[in-house]
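First comes the structure, then the notes that go with it.
The values are calculated or read from the model by the stated rules, or taken from the named source; none is laboratory data. All of these numbers come straight from a predicted model, not from anything done at the bench. Heads up, the Cβs are rebuilt from the backbone with ideal geometry, glycines too, and the neighbour counts pull from every protein chain shown.
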Amino acid sequence: MVTQNEAEQAVRTLLAYLESDPEREGLRKTPKRVIDSWQEIFEGYNLDAGEILDSTFNGEGYDGIVLLRDIEFHSTCEHHLQPFSGRAHVAYIPVDRIVGISKLARIVDMHARKLQNQERITKGVADDLESFLNPLGAAVIIEASHGCMRCRGVRKQNSIMTTSAMRGVFFEKPEARQELMQLIQSHPL
């Protein structure tokens with residue numbers, strides 16, 4: 001395990017690579033600030049899906065779609081260490097147990113707050129919904145703008161990447177998928 005001091009030294013090395021005077025006033029405390037910020041940005045490594053989704057409630061016979069849409073998230077691309085951010089739409093159809101809505105946002109954050117790719121976040125959230133809630137169906141749709149596309153390489157400012165994972169009835173039944181898409185596209189309050 002790398003210590004915080006070793007991690008700060010690695011940042012100092014990168015600063016020396018970029019800056020002719022890495023010890024100037026504005027950069028002196030940057031290594032500590034970077035490592036402190038990374039502890040928050042990458043807190044997903046310290047979270048557990050089972051602990052997030054462990055508290056469920058009696059669904060009282062509810063068998064319709066449960067959807068939390070427009071969950072904003074921020075992540076970091078593992079390929080270039082560039083940020084990407086967007087919104088996630090997370091849905092499931094309960095069998096007999098429901099989960100608090102904040103848990104749906106927390107599970108997205110848990111996956112996003114790691115070095116990632118968008119496809120893995122999408123799949124991971126859907127896998128966790130299936131594993132811990134055992135729903136009739138689970139669906140995750142993520143739309144995001146990627147820094148590696150915006151500020152380097154092809155430099156496309158307005159491109160949005162969309163990924164989806166459809167499980168159970170959302171995969172098997174077109175009418176369930178269609179109802180979900182209509183709910184996602186409905187106008188906000």
ask   = In the list Arg106, Arg87, which residue meets the criterion of being charged (D, E, K, R), farther than 19 Å from Gly137 by Cα and out of contact with any helix residue (DSSP H, G or I) (no Cβ under 9 Å at 6 or more places or on another chain)?
value = Arg87
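Mind checking which residues of the range 107-122 are surrounded by fewer than 18 Cβ atoms within 10 Å (Cβ to Cβ) and either at pLDDT below 95 or part of a helix (DSSP H, G or I) (or both)? Talk me through it step by step, then tell me what you get.
Going residue by residue through the range 107-122, those that are surrounded by fewer than 18 Cβ atoms within 10 Å (Cβ to Cβ) are 115, 117, 119-120.
Of everything in the range 107-122, those that are surrounded by fewer than 18 Cβ atoms within 10 Å (Cβ to Cβ) and either at pLDDT below 95 or part of a helix (DSSP H, G or I) (or both) turn out to be Glu119, Arg120.
With the requirement that a residue be among the hydrophobic types (A, V, I, L, M, F, W, C) and crowded, with 16+ Cβ neighbours inside 10 Å, what does the range 22-40 give you?
Leu27, Val34, Ile35
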query = Which residue pairs have Cβ atoms closer than 7 Å, lie 6 or more positions apart in sequence or on different chains, and pair a first residue in the range 135-151 that is within 14 Å of Ala176 (Cβ to Cβ) with a second residue that is charged (D, E, K, R) and outside any strand (DSSP E or B)?
reply = Ala138/Glu130
key: Failed condition for Met149, given (1) at pLDDT below 95; (2) out of contact with any Lys or Arg (no Cβ under 6 Å at 6 or more places or on another chain)   = (2)
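Just give me the residues in the range 161-189 being β-branched (Val, Ile, Thr) and surrounded by 12 or more Cβ atoms within 10 Å (Cβ to Cβ), in sequence order. Don't jump to the end; show me each part of the working.
In the first step, residues of the range 161-189 are kept if they are β-branched (Val, Ile, Thr); the result is 162-163, 169, 184.
Residues satisfying the conditions are Thr163, Val169, Ile184.
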key: Tally of residues being part of a strand (DSSP E or B), of a type in the set (Phe, Trp, Tyr) and either surrounded by fewer than 18 Cβ atoms within 10 Å (Cβ to Cβ) or without any contact (Cβ under 8 Å) to a residue 24 or more places away in the chain (or both) across the range 47-89   = 1
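Could you tell me which of the residues Gly168, Gly124, Gly147, Gly137 is in contact with a His (Cβ under 7 Å, 6 or more places away or on another chain) and of a type outside the set (A, V, I, L, M, F, W, C)?
Values: Gly168 fails: in contact with a His (Cβ under 7 Å, 6 or more places away or on another chain); Gly147 fails: in contact with a His (Cβ under 7 Å, 6 or more places away or on another chain); Gly137 fails: in contact with a His (Cβ under 7 Å, 6 or more places away or on another chain).
One residue alone meets the criteria, Gly124.
Residue by residue, here is whether (1) in contact with a helix residue (DSSP H, G or I) (Cβ under 7 Å, 6 or more places away or on another chain); (2) at pLDDT 95 or above; (3) outside any strand (DSSP E or B) holds:
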| residue | (1), (2), (3) |
| --- | --- |
| Ala91 | yes, yes, no |
| Glu130 | no, yes, yes |
| Ala138 | yes, yes, no |
| Arg167 | yes, yes, no |
| Ala176 | yes, yes, yes |
| Gln182 | no, yes, yes |
note = Selection from the range 41-71 of residues closer than 20 Å to Arg87 by Cβ and of a type in the set (Val, Ile, Thr) yields Ile41, Ile52, Ile65, Val66, Ile71
